[in-house]
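Accompanying notes for the structure given below.
The values are calculated or read from the model by the stated rules, or taken from the named source; none is laboratory data. Keep in mind the model is a prediction, meaning the values are calculated, not measured. Here the Cβ positions follow ideal geometry from the backbone for every residue, glycine too, while neighbour counts run over all protein chains shown. Just so you know, the surface numbers come from the protein's heavy atoms only, side chains and all, with ligands and any DNA or RNA stripped out. Shrake-Rupley method; radii C 1.70, N 1.55, O 1.52, S 1.80 Å.
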Amino acid sequence: KKEDLLVWRGEAIRQLMKTSPMKAYRKMRVTAKRGDPYSMLRPLLPSDPEGILYCIDHMAHRKHDFLLRGWCFDREYSLDRVLVVNAKDVEVPAEITRCRRPDVASVYGLPEERELGFTVSIDYTELKNMPLYLEVETARGYTCEKLPIETDPDKRREADERFRSGGKDRHIITDYEDWARDHATAGAELEQQRAGQDDPKLRFSLLVPVYRTDPALLRELVGSVLAQTYGNFELILSDGSGEASPVAKLIDEMAALDARIRVLHHDRQLRIAENTNAAAENASGDWFVFLDHDDLLTADALYELAAVIHSDPDADLIYSDEDKLLPGDVPAEPHFKPDFNPDLLNCVNYICHITAVRRDLAERVKNPLLLDPAFEGAQDYDFVLRCVERARRVEHIPKALYHWRSHKDSTAADPASKRYAFEAGKRAVQAHYDRCGINAVVSMGAYPGLYRTDYILPDPEPLISIIIPNKDHIEDLEKCIRSIQQQDYSRYEILVIENNSTQEETFTYYEQLQAAHSNIRVLFWDKPFNYSLINNFGAANARGEYLLLLNNDTQMLGGDCLAQLVGPALRPEVGAVGARLYYPDRTIQHAGVIIGYGGIAGHAFQNMPASANGYFSRIICASDLSAVTAACMLVKAKVYRQLGGLDGAFRVAFNDIDFCLRIRERGLLVVYNPFAELIHYESKSRGYEDTPGKISRFNNEADRFLKKWPDILTKGDPYYNPNLSLDRNDFSLK
């Protein structure tokens with residue numbers, strides 16, 4: 001509550017900066033949530049020499065274990081140990097991992113390489129409900145107050161509910177209620193929109209399948225439609241409740257209030273697909289807009305749709321961002337989406353709400369019905385997939401124009417409440433691949449509503465040329481090659497590009513390697529190190545249909561890594577495929593690249609635990625991106641050569657991102673496949689950018705990149721969202 005917050009104003013802050021020995025402080029964030037024992041963050045004051053800042057920002061009770069993630073530091077930025085103890089202060093077994101937290105470091109002005117974060121996993125099946133506590137201690141011996149960990153099965157659900165506030169990862173929705181209020185369209189702007197002239201040639205048909213709807217929620221939905229600042233629409237309420245409909249009188253009364261409301265009554269109960277089809281058959285508008293019977297639109301939703309249609313006459317399908325309304329109409333869990341992302345759409349129906357489809361396109365994709373009852377529960381997913389197959393353009397509005405209600409009966413509150421829908425969703429994606437002639441098999445993903453695609457490779461498999469630059473470090477190279485040889489994929493060649501090694505054993509290893517394996521060649525590049533030119537040299541000597549640029553300090557995990565890289569690249573519209581990379585401590589090193597992060601570009605979700613899902617499961621879903629890292633990047637050989645390979649002006653940095661952006665300029669996709677997984681022992685061979693010469697070279701390359709790609713840096717990464725932060729890589733609010 002606001003009255004509980006202590007606000008330090010300008011003069012107090014200035015005095016603090018003068019007296020505090022912590023010169024690294026430039027920003028301070030103080031948060032608290034009343035009655036929540038799992039959200040504890042307090043400022044470190046000059047008068048508090050033993051103070052510790054700490055926060056628990058993720059917790060989950062699973063079937064057999066408890067997962068907890070957080071961070072901690074004291075005045076010397078040090079975290080000594082994390083342990084779990086019982087009521088008698090006796091340590092109990094727990095799997096504890098330390099990690100870097102650049103998000104925390106950036107807020108508090110700390111060195112990014114410090115391991116401020118921790119992840120704790122506790123197997124409590126043998127603990128017999130005994131009370132447990134998390135204890136965090138710094139190097140100087142200071143300890144924060146113990147945090148209780150609930151192990152009693154009957155109390156776990158209550159503990160989880162206390163912690164959660166609308167999402168699995170709290171940082172996703174931090175302060176969203178205030179954020180949403182601050183970013184809502186101002187009243188004066190709404191009045192200006194209402195004062196404008198509606199386009200008589202652009203009429204929206206809002207299709208609402210009604211079924212025994214809560215009258216209060218239905219009134220609010222209709223009220224949100226009538227409040228639209230764009231007025232050329234019809235609202236069709238198709239009542240599929242059956243002959244004894246409890247809302248028949250209500251919707252008739254509402255229709256009498258406004259001529260734009262039309263009501264359809266049916267003498268039998270209708271399911272969603274059939275009910276929506278009935279509404280569409282009676283619609284007269286130029287565009288269909290699909291609404292659920294208990295959700296809400298923002299007042300400017302139709303106005304924003306009309307603006308896109310006027311600016312892009314080729315738009316055939318438009319979708320927007322969305323959020324959820326918790327009980328009490330508290331906005332939460334905003335889903336700020338990327339622009340049209342076909343690979344992500346094949347993993348999850350991220351388009352969802354709001355969806356508007358040009359009537360002409362809807363008529364063309366009928367099967368023979370608008371929504372196919374064979375996909376009941378995922379009828380909208382099937383319909384969207386059919387639409388995007390034939391749409392001229394799919395447009396995205398980066399504003400939350402749709403509020404999805406989260407209550408006890410909604411899938412927003414409990415996605416698992418309609419399990420049949422997820423099976424229908426899997427069949428919808430499979431049908432999409434079958435129609436498009438893509439040889440793939442769809443299976444359930446890690447969570448309900450997520451799907452995984454495995455591509456069926458041709459026989460024989462296409463030849464992959466794996467290009468690995470190397471300088472000494474034969475232990476790393478040997479580990480890398482051994483992991484390749486353990487792949488189930490059979491047709492590949494390895495080109496080791498030797499660049500100025502100095503150790504005699506390196507060349508001995510090369511001789512042994514080539515003598516033992518006919519598909520391994522060592523090529524010599526004796527010029528100064530230039531990552532781009534070295535790979536171009538390898539590509540010029542490669543025989544494969546595909547090129548895999550691979551760092552020598554990587555290790556493939558599992559036996560299907562190569563297959564997972566090649567699979568998406570079989571599609572003609574794909575130019576390159578990237579992988580999910582981990583640091584040796586199994587935190588994420590790469591799950592795609594965000595253009596603009598940190599001012600230029602950066603890796604998404606870096607340093608998060610390998611088990612993390614990421615923002616709306618983006619870590620574990622295949623998706624299209626603007627760029628992926630060349631530490632492991634598969635490229636079609638013909639595309640590589642058409643583009644002239646990597647730009648030699650980028651000797652070390654940004655060459656892969658520049659190359660991916662050039663692929664995107666050709667209209668081809670860059671795909672991130674999370675099921676191709678590797679460990680990356682980053683920068684072992686060449687070291688960090690920590691000398692004056694390296695720093696100067698890096699700055700020159702950064703400047704070149706900024707000058708070469710001003711448009712995307714100004715407009716923003718189309719596969720990110722302008723409402724999300726470019727200061728943090730975890731998709732936090734901007």
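Residues of region 513-526 that are loosely packed, with under 11 Cβ neighbours inside 10 Å and at pLDDT 95 or above: Ala515, Ala516, Ser518. Just to be sure before I move on: is Tyr402 more than 25 Å from Pro674 (Cα to Cα) and among the aromatic types (Phe, Trp, Tyr) in the structure I sent? So Tyr402 passes the test. Just name the residue that is surrounded by the fewest Cβ atoms within 10 Å (Cβ to Cβ) out of those in region 282-291 that are of a type outside the set (Phe, Trp, Tyr) and more than 18 Å from Asp214 (Cα to Cα). Out of the qualifying residues, it is Ser284.
None of Leu477, Leu457, Leu450 is touching a residue at least 60 places away in the same chain (Cβ under 8 Å), within 30 Å of Arg271 (Cα to Cα) and not small (Gly, Ala, Ser) except Leu450.
Results for (1) out of contact with any strand residue (DSSP E or B) (no Cβ under 6 Å at 6 or more places or on another chain); (2) charged (D, E, K, R); (3) within 17 Å of Tyr402 (Cβ to Cβ), shown as yes or no for each residue.
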position	(1), (2), (3)
Pro200	yes, no, no
Arg203	yes, yes, no
Leu206	no, no, yes
Tyr211	no, no, no
Asp214	yes, yes, no
Val225	no, no, yes
Thr229	yes, no, yes
Asn232	yes, no, no
Leu237	no, no, no
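When you go through Leu127, Leu110 one by one, which is the residue that is modelled with pLDDT under 65, part of a loop (DSSP other than H, G, I, E, B) and open to solvent by less than 30 Å² (accessible area, probe 1.4 Å)?
Result: Leu127 is the single residue among Leu127, Leu110 that is modelled with pLDDT under 65, part of a loop (DSSP other than H, G, I, E, B) and open to solvent by less than 30 Å² (accessible area, probe 1.4 Å).
Scan region 582-606 for residues that are part of a loop (DSSP other than H, G, I, E, B) and surrounded by fewer than 23 Cβ atoms within 10 Å (Cβ to Cβ) and the total you get is 7. With respect to the conditions (1) under 36 Å from the mean Cα position of the chain (by Cα); (2) over 22 Å from Ala622 (Cβ atoms), Asp526 lacks only one, and its number is (1).
Taking the criterion of being open to solvent by less than 10 Å² (accessible area, probe 1.4 Å) and either in contact with a Pro (Cβ under 9 Å, 6 or more places away or on another chain) or at pLDDT below 95 (or both), the only residue of region 292-318 that qualifies is Asp295.
For Leu218, the criteria (1) in contact (Cβ under 8 Å) with a residue 12 or more places away in the chain; (2) assigned to a loop (DSSP other than H, G, I, E, B) hold in every case but one, which is (2).
For region 257-281, filtered to residues that are surrounded by fewer than 15 Cβ atoms within 10 Å (Cβ to Cβ) and in a helix (DSSP H, G or I), the residue that is modelled with the lowest pLDDT is Leu257. Checking Ser518, Ser443 one by one, the residue that is out of contact with any Leu (no Cβ under 8 Å at 6 or more places or on another chain), more than 25 Å from Val628 (Cβ to Cβ) and not acidic (Asp, Glu) is Ser518 and no other. Taking (1) surrounded by 19 or more Cβ atoms within 10 Å (Cβ to Cβ); (2) of a type outside the set (S, T, N, Q); (3) without any contact (Cβ under 8 Å) to a residue 60 or more places away in the chain in turn, Ala356 satisfies each apart from (3). Scanning region 388-398 for residues that are more than 23 Å from the chain's Cα centre (by Cα) and buried (at least 16 other Cβ atoms within 10 Å of the Cβ) turns up at least one hit. Against the list (1) within 19 Å of Cys632 (Cβ to Cβ); (2) open to solvent by 20 Å² or more (accessible area, probe 1.4 Å); (3) of a type outside the set (Ser, Thr, Tyr); (4) in contact with a strand residue (DSSP E or B) (Cβ under 9 Å, 6 or more places away or on another chain), the condition Arg543 fails is (1).
Tell me, please, whether a residue that is in a strand (DSSP E or B), within 30 Å of Ile96 (Cα to Cα) and in contact (Cβ under 8 Å) with a residue 40 or more places away in the chain can be found in region 556-564. Yes, region 556-564 contains a residue that is in a strand (DSSP E or B), within 30 Å of Ile96 (Cα to Cα) and in contact (Cβ under 8 Å) with a residue 40 or more places away in the chain. Among the residues making up region 494-509, none is open to solvent by 10 Å² or more (accessible area, probe 1.4 Å) and closer than 24 Å to Ala563 by Cβ. Filtering region 690-712 to residues that are closer than 24 Å to Ala579 by Cα and either touching a strand residue (DSSP E or B) at 6+ places or on another chain (Cβ under 7 Å) or modelled with pLDDT under 85 (or both) leaves only Ile712.
Residues in region 212-256 that are loosely packed, with under 14 Cβ neighbours inside 10 Å and over 30 Å from Val308 (Cβ atoms): Pro215, Ala216, Glu243, Ala244, Pro246, Lys249, Glu253, Ala256.
Restricting to region 319-349, name every residue that is in a loop (DSSP other than H, G, I, E, B) and surrounded by 19 or more Cβ atoms within 10 Å (Cβ to Cβ). Listed by number, the residues that qualify are Phe336, Lys337, Pro338, Phe340, Asn341, Asn346, Cys347, Val348, Asn349. Output the number of the condition that Gln486 fails; it satisfies all remaining conditions of (1) among the polar types (S, T, N, Q); (2) open to solvent by less than 20 Å² (accessible area, probe 1.4 Å); (3) in contact (Cβ under 8 Å) with a residue 40 or more places away in the chain. Going through (1) among the polar types (S, T, N, Q); (2) open to solvent by less than 20 Å² (accessible area, probe 1.4 Å); (3) in contact (Cβ under 8 Å) with a residue 40 or more places away in the chain one by one, Gln486 breaks only (2).
Please verify whether region 370-387 includes one or more residues that are among the basic types (Lys, Arg) and open to solvent by less than 20 Å² (accessible area, probe 1.4 Å). Yes. Filtering region 421-434 to residues that are within 21 Å of Val671 (Cα to Cα), open to solvent by 40 Å² or more (accessible area, probe 1.4 Å) and not polar (S, T, N, Q) leaves Lys426, Asp434.
Within region 175-196, residues that are not in a helix (DSSP H, G or I) sit with their Cβ atoms under 6 Å from residues that are not aromatic (Phe, Trp, Tyr), at 6+ positions apart or across chains, in these pairs: Thr185/Asp300.
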